[in-house]
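Below is one structure, written out as structure tokens; comments come after it.
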Amino acid sequence: MTTFRGIAIPSAGTGGGGSSSSRLVQVVNTTITTSTTITATTPLDDTIPQTSETGAIMSCSITPTSATNKLKITVMFNGSVQGGNGNLVVGIWQDANTGATAVVSQRIQDQIMVNTPFVYYMTAGTISATTFTVRGGTEGGLTLTVNGRAGARIMGGATVSSITIEEILV
């Protein structure tokens, strides 16, 4: 592993697909502290979640410097469900694609705030600006509250959710 500005980047032979000269090219981030609710129903089945089954939470854009570079996308989601225990679904969508690029699901209890982090790696594939949108929903039509509980913020607006995109030279 190589460490650059406190970020570990896999080197050749470590399974990370990088080379010994891997380095961080750029970092972009969107952080939100606002609270919002989403009532989208996202089936927990063997289909790729669609934009029509989720609600937008936040977006972040990056213009990669090389199409062969890697993008490391880190999502930190804070939220809760109301209306019963259920599955929270959070994922990322790229540009106008209607199907999710990557998703995670977590079973949570009614009115209990959770942190749902995940990381996704991909090849940039472009040198044009590309936007990643974090979207969420619940199985069974429960209400999802972003950065809060029961449809309202908690902790005085200091609760955060974020998406960070790192471009890594390979």
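For the chain, the share of accessible area belonging to carbon and sulfur comes to 51 percent (1.4 Å probe, ligands and nucleic acids excluded). Would you please classify the overall shape of region 48-101 from the alpha carbon gyration tensor, given that a ≥ b ≥ c denote the square roots of the eigenvalues, rounded means a/c under 1.5, and beyond that prolate means a/b larger than b/c while oblate covers the rest? Here region 48-101 falls in the prolate category.
Build a GNM of the chain with springs between Cα atoms under 10 Å apart, and of Ile57, Ile108, Ile92 the one that fluctuates most is Ile108.
The overall shape of region 20-67 is oblate: from the C-alpha gyration tensor, with semi-axes ordered a ≥ b ≥ c, the ratio a/c is 1.5 or greater and a/b is no larger than b/c.
Once both labels are positioned 7 Å from their Cα atoms along Cα-to-Cβ, the gap between Gln109 and Ser59 label points is 3.8 nm. Does the chain come out rounded, prolate or oblate, given a ≥ b ≥ c as the square roots of the eigenvalues of its C-alpha gyration tensor, rounded meaning a/c under 1.5 and, failing that, prolate meaning a/b above b/c? Verdict is prolate for the chain.
Rolling a 1.4 Å probe over the protein heavy atoms gives region 91-152 an accessible area of 44 Å² per residue.
The values are calculated or read from the model by the stated rules, or taken from the named source; none is laboratory data. This is a predicted model, so every value here is computed, not measured. Counting neighbours? That spans all protein chains shown, and the Cβs are built from the backbone with ideal geometry, glycine included. Accessible surface is based on the protein model in full, side chains and every heavy atom, while ligands, DNA and RNA are left aside. Shrake-Rupley method; radii C 1.70, N 1.55, O 1.52, S 1.80 Å.
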